[in-house]
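Read through the structure below, which is laid out as structure tokens, and then see the notes.
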Amino acid sequence: MASPEGKYNIKAVSKMLGIQAGTLRAWERRYSIIEPKRNEAGHRLYTDEHIYIIKWLMNKIKHGFTISQAVDLLEHHGNKISQIVVESSGQKDVAMQLSDELLSALMSFNERKAKEVMDRAFSLFTLEKVTIDILGSLLVKVGDMWENQKITVAHEHYASSFLKGKIGNIMFHLPVDSYLPRVIAVCGLKETHELGLLIFTLYLRQKGFEVIYLGEGIPPEDLDTVIREVDPKLLFVSCTIEEHLLSTVEWIEQAAYHHPSLQIGLGGLGLEYLSNDIKTKFKDIIIGNTKTEWDQWIHQKLKEEKRPPLWSQK
């Protein structure tokens with residue numbers, strides 16, 4: 001049975017459910033269906049029942065309802081929430097719907113509409129959900145469309161420029177945890193597509209890492225100079241295009257040889273084209289393409305005091 005006691009503060013609920021704290025406050029102001037308890041300091045405390053209701057409302061929004069429609073439906077059915085099943089396979093996840101709207105705006109060079117979609121996304125979802133579920137899924141779509149020649153270089157560049165600006169602005173305002181190691185993020189050799197690296201860099205910045213973002217077009221000798229000056233613990237390299245994989249892997253091997261204490265991670269959509277032999281050989285540096293995989297990789301590497309000399313095993 002759900003606990004009647006308030007035990008979750010608004011920050012915990014926001015993180016737990018992936019919803020903006022401001023959205024929760026707005027729902028409380030507009031709809032009496034959610035009325036969190038208050039502790040002695042006046043802070044909101046949500047009960048298990050509140051969590052259940054919020055999840056239910058979010059699920060309805062996910063399947064196409066507006067918040068007012070979801071609240072009306074909830075009030076109509078009273079305490080029989082768990083018996084309500086209103087699903088439609090033809091309705092899209094709201095995050096994916098916003099991603100589609102943003103893509104449409106960018107493909108028609110409609111900056112005003114693109115900004116409006118982004119504002120809606122940030123008003124409803126947490127920063128993490130927007131960047132991963134909306135910007136991340138959009139990144140995949142734009143990349144696929146460009147590779148399959150469904151859009152022009154101009155469309156790809158316009159979308160990239162818009163998204164880079166949004167992501168860069170978000171990163172600029174995120175605080176840095178001085179206790180975490182410094183990180184360098186760079187695109188692989190000859191890579192010109194850096195949105196994937198930007199998404200991953202934003203993920204790192206959200207965790208408090210200080211990231212020296214180098215982007216694309218960095219010569220090997222320049223990277224070597226930056227590594228010596230910055231002395232980072234982690235180096236992340238992104239590769240998107242299949243034809244750049246071999247040269248990027250060779251580049252990484254050289255960097256590891258010259259900087260044996262450096263932890264190196266390799267990510268990007270191009271990893272799909274790696275042979276099984278190469279994946280096996282470099283399994284310890286492949287960070288994956290999902291947040292869960294990133295979390296696991298970073299957690300493991302931060303626990304290691306010294307990286308095994310994989311690079312000498314040819």
Rounded to 10°, Cα long-axis angle of helix 153-172 versus longest principal axis of the chain: 70
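If you average the sequence gap of Cα pairs under 8 Å that are 6 or more apart and divide by the length of the stretch 8-65, what percent do you get for the contact order? Intermediate results must be reported in sequence, preceding the final value.
Working: 38 pairs, mean separation 18.7, N = 58.
Computed value for the stretch 8-65: 32 percent relative contact order.
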Compute the acute angle (0 to 90°) between the alpha-carbon long axis of helix 220-230 and the principal axis of greatest extent of the alpha-carbon atoms of the chain; round to the nearest 10°. 60
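For each pair in Lys55/Lys129; Lys11/Lys233; Lys129/Lys279, compute the distance between the two Cα atoms and list the pairs where it is over 24 Å.
Beyond 24 Å between Cα atoms: Lys11/Lys233; Lys129/Lys279.
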Give me the 1.4 Å probe accessible area per residue for the chain, excluding ligands and nucleic acids, in Å². 54
Rounded to the nearest percent, how much of the accessible area of the stretch 90-171 (1.4 Å probe, protein heavy atoms only) is carbon and sulfur? 55
Over the chain, what is the relative contact order in whole percent, taking alpha-carbon pairs under 8 Å and six or more residues apart? 11
Contact order relative to length for the stretch 134-279, counting C-alpha pairs under 8 Å separated by 6 or more residues, stands in percent at 23
Mind listing which trypsin sites (Lys or Arg not before Pro) in the stretch 245-284 are in a DSSP loop and have 15 or fewer other Cβ atoms within 10 Å? Lys283
Taking N as the number of residues in the stretch 90-171, what is its alpha-carbon radius of gyration divided by 2.2 N^0.38 Å? 1.03
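What's the Kirkwood radius of the stretch 8-65 in Å, using all Cα pairs?
Result for the stretch 8-65 stands at 11.6 Å.
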Computed from the beta carbon distance with a Förster radius of 41 Å, FRET efficiency for Lys233 and Asp72 to the nearest 0.05 stands at 0.20
By how many degrees, between 0 and 90 and to the nearest 10, does the Cα long axis of helix 291-303 differ from the longest principal axis of the chain? 60
Please report, to one decimal in angstroms, the Kirkwood hydrodynamic radius of the stretch 175-314 built from all distinct Cα-Cα pairs. 15.0
Quote the charge dipole size of the stretch 175-303 about the Cα centre in Debye, to the nearest 20; the model charges only the Cβ of Lys and Arg (+1) and of Asp and Glu (-1). 560
Measure out, as a whole number of angstrom, how far apart the alpha-carbon centroids of the stretch 132-163 and the stretch 256-278 sit. 24
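Would you kindly state how much longer the chain becomes between Glu250 and Ile33 on full extension, computed as 0.36 nm times their sequence separation minus their alpha carbon distance, in nm to one decimal?
72.2 nm
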What helix-only [θ] at 222 nm does the chain give? Using -39500 (n - 2.57) per DSSP H run of at least 4, over all residues, to the nearest 500, the answer is -16000 deg cm²/dmol
Along the stretch 200-214, Karplus-curve 3J(HN,Hα) (6.51, -1.76, 1.60; θ = phi - 60°) to the nearest Hz, with x for Gly and Pro, reads 5, 5, 4, 4, 5, 5, 4, 7, x, 6, 7, 10, 8, 8, 9
A chain fully extended from Glu210 to Asn59 at 0.36 nm per residue, minus the present Cα-Cα distance, gains in nm 50.8 nm
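The values are calculated or read from the model by the stated rules, or taken from the named source; none is laboratory data. These numbers come from a predicted model, not from an experiment. So basically every Cβ, Gly included, is an ideal-geometry build from the backbone, and we count neighbours across all protein chains shown. In case anyone asks, the SASA skips ligands and DNA or RNA and just uses the protein heavy atoms, side chains included. Shrake-Rupley method; radii C 1.70, N 1.55, O 1.52, S 1.80 Å.
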